[in-house]
Amino acid sequence: MLKTLYLSLFLTNNVGRPTVFVGLKNYGTLLASSAYRASFQATLIYVFSVVVLTLTVGVLLAQAAVQKLAGIRWFRTIFSATMGVSVSVAAIFWLFIFSPSVGLLDQLAASLHLPVINWLTTPGWAMVAIIVSTVWMNLGFTFLILFGALQMVPTTLYDAAAVEGASPRYQFLHVTLPMISPTLFFTATVTLIGAFKSFGLIDLMTAGGPNNATNLMVYQVYRDAFLTGNYGQASAESMILAVVIAGLTWVQFKFLEKRVTYE
């Protein structure tokens, strides 16, 4: 971290050695760059979408998995299976799904006489594809943690709520969610930090394209450091990213933790 901060204050040669001290010029150049601001905006959209969708779907899957239904153990295994899938394998899987020629989604759309979408070559849809892929990758961990939390909720609370005539929806909102709020807070924090650091799926599926639509902040660091050799600017980008993550994490602890019920 200290070395990165040091390099961010210099111009560097193509092997990362500092050459000229420029102070905060690298930061000023970035903040004045429309391309970097677009990358920052795309990152916020991506992170917000990934966190909200991962938590929402994770809670719903975990809630379904605690039900005493026939064959539910198989579904529990399926829901947590993405934890054992590497990023490269997941990228191949989703590239096959989103492929414009042999992709499952476009074949399904064609069979239903619906418009065929070029998922990975259209800026807006490419972001959707990356978000969906990332949520799928995150679901295994999120589901497992939330499933464990739901199992720890005392059944007596539900029995008491049922006696009072509370509907299943009311029980979920006013019993289940408050009781698992510490776990939700933990998973939200971990998912937020992980989303900001997403790299593998983007590199393998879109390489930041099309037209830089999926060029998130971490991928911009990679581009500047290892593709163009601009280590000073890449170091400044890394420091900005670290400050943004730390700031949003602080906001979570400052405001969201107040809504957490610790028992």
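A few comments on the model shown:
- The lone criterion from (1) under 23 Å from residue 138 (Cα atoms); (2) at pLDDT below 90 left unmet by residue 222 is number (2).
- Any hit, region 182-199, residues being more than 18 Å from the chain's Cα centre (by Cα) and assigned to a loop (DSSP other than H, G, I, E, B): no
- Filtering region 85-104 to residues that are under 25 Å from the mean Cα position of the chain (by Cα) and either among the basic types (Lys, Arg) or modelled with pLDDT under 85 (or both) leaves 99, 100, 103, 104.
- Considering the conditions (1) surrounded by 14 or more Cβ atoms within 10 Å (Cβ to Cβ); (2) more than 19 Å from residue 87 (Cα to Cα), residue 169 is excluded by exactly one of them, (1).
- Meets criteria (within 18 Å of the chain's Cα centre (by Cα), part of a helix (DSSP H, G or I), among the acidic types (Asp, Glu) and on the phi < 0 side of the Ramachandran plot) for residue 224: no
- Here 23, 16 are screened, and the one residue that is on the phi > 0 side of the Ramachandran plot, assigned to a loop (DSSP other than H, G, I, E, B), more than 23 Å from the chain's Cα centre (by Cα) and free of Cβ contacts under 8 Å to residues at least 40 places away in the same chain is 23.
- Yes/no for residue 57 being in contact with a Leu (Cβ under 8 Å, 6 or more places away or on another chain), among the hydrophobic types (A, V, I, L, M, F, W, C) and crowded, with 18+ Cβ neighbours inside 10 Å: no
- Identification of helices (runs of 4 or more DSSP H) wholly contained in region 26-105 with 1 or more residues that are of a type in the set (D, E, K, R) and over 23 Å from residue 130 (Cα atoms) yields 72-80.
- Filtering region 129-155 to residues that are at pLDDT below 90 and among the hydroxyl-bearing types (Ser, Thr, Tyr) leaves only 155.
- Of the set (1) loosely packed, with under 14 Cβ neighbours inside 10 Å; (2) among the aromatic types (Phe, Trp, Tyr); (3) in a loop (DSSP other than H, G, I, E, B), all apply to residue 119 but (1).
- Residue check for residue 22: over 27 Å from residue 228 (Cα atoms) and either among the aliphatic types (A, V, I, L, M) or modelled with pLDDT of 90 or more (or both): no
The values are calculated or read from the model by the stated rules, or taken from the named source; none is laboratory data. Everything numeric here is computed off the predicted structure, so don't read it as measured data. In this analysis, Cβ positions are derived from the backbone assuming ideal geometry, glycine residues included, and neighbour counts consider all displayed protein chains.
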